[in-house]
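Read through the structure below, which is laid out as structure tokens, and then see the notes.
What follows is calculated from the coordinates using simple rules that are stated; it is not laboratory data. As the structure is a computational prediction, the values presented were derived from the model and not from experiment. Glycine also receives a Cβ, built like all others from the backbone with ideal geometry; neighbour counts cover every protein chain displayed.
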Amino acid sequence: MVELVYLLCALTSTGCALLLLRGYFRARSRLLLWSSLCFMGLSANNILLFVDMLLVPNLSLEIPRGIVGLGALLVLLFGLIWEST
Amino acid sequence: MSHQVLPGEIQEFLRTTIQSLEQLEVLIAIQRQPKKAWTPEDVAAVVGLPVGIMEESLDGLIAAGLARHLSSASGSPTYCYEPRTPSMGRAVAGLARAYASNRLDIMRLMSTLAIERVRSEAANLFADAFIIQRKKEPGDG
């Protein structure tokens, strides 16, 4: 059950990233590009979670996961500030 | 910001029907002479704005049900003021009276509405990105 939840989180965030990227190519709004980049990071974060918990249980990926998640949110934050100035 | 001075129906009409200040100026200009066939150049001369913007505004008024195209032998588009329903006509008449007597409040309201539209456009853009497949419009292939 846990595996399924991790997998669904990864799939959902990947889907969001792809839809936002498609939205960017259609509307050419950079806010959508920043959001898509953020969701790509969140997707990587979820994939790392899946790998960490299920594929390599002996190795802790907590720090890399945290860095990737933080990076994803910082990208969106940077984008929001950049677009508003 | 509240606009208590303007009647509620005029505020609602501006909110739902008029998209820009140029469109408002064009509407006020053409409703003064409802029988006249207007070219964008005629409207531009009255309003004092570029012809390209006039065409865009007139097309917007057609879409809003406040004007219509007239067939023209010369090939250049002509338009006339023609509200789709009597209630729209009454709303425009009320708007024209308010525009003559209370222009500042109308300008303020239009500015507020423009800011609201920009904000909601960003949200709509975001929401639209998550639409997987649009519903087919009537008339689509």
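Let me spell it out: the conditions are (1) of a type outside the set (Val, Ile, Thr); (2) surrounded by fewer than 19 Cβ atoms within 10 Å (Cβ to Cβ); (3) touching a residue at least 60 places away in the same chain (Cβ under 8 Å), and B:Gly52 meets all of them except one. Which number is the exception? Condition not satisfied by B:Gly52: (3). Within the range A:10-37, residues that are over 20 Å from A:Phe78 (Cα atoms) reach partners that are hydrophobic (A, V, I, L, M, F, W, C) and not in a helix (DSSP H, G or I) with beta carbons closer than 7 Å, at six or more positions or on different chains, in the pairs A:Leu19/B:Phe130. If the condition is being exposed (fewer than 12 other Cβ atoms within 10 Å of the Cβ) and either in contact with a Gly (Cβ under 8 Å, 6 or more places away or on another chain) or on the phi < 0 side of the Ramachandran plot (or both), then the range B:68-96 contributes B:Ser71, B:Ala73, B:Ser74, B:Ser76, B:Thr85, B:Pro86, B:Ser87. Every residue in the range A:8-43 that is away from chain B (no Cβ under 14 Å) and surrounded by fewer than 15 Cβ atoms within 10 Å (Cβ to Cβ), please. Listed by number, the residues that qualify are A:Leu8, A:Leu11. When each of B:Ala93, B:Ala98, B:Ala29 is tested for being assigned to a helix (DSSP H, G or I), without any contact (Cβ under 8 Å) to a residue 24 or more places away in the chain and of a type in the set (A, V, I, L, M), the lone residue that passes is B:Ala29.
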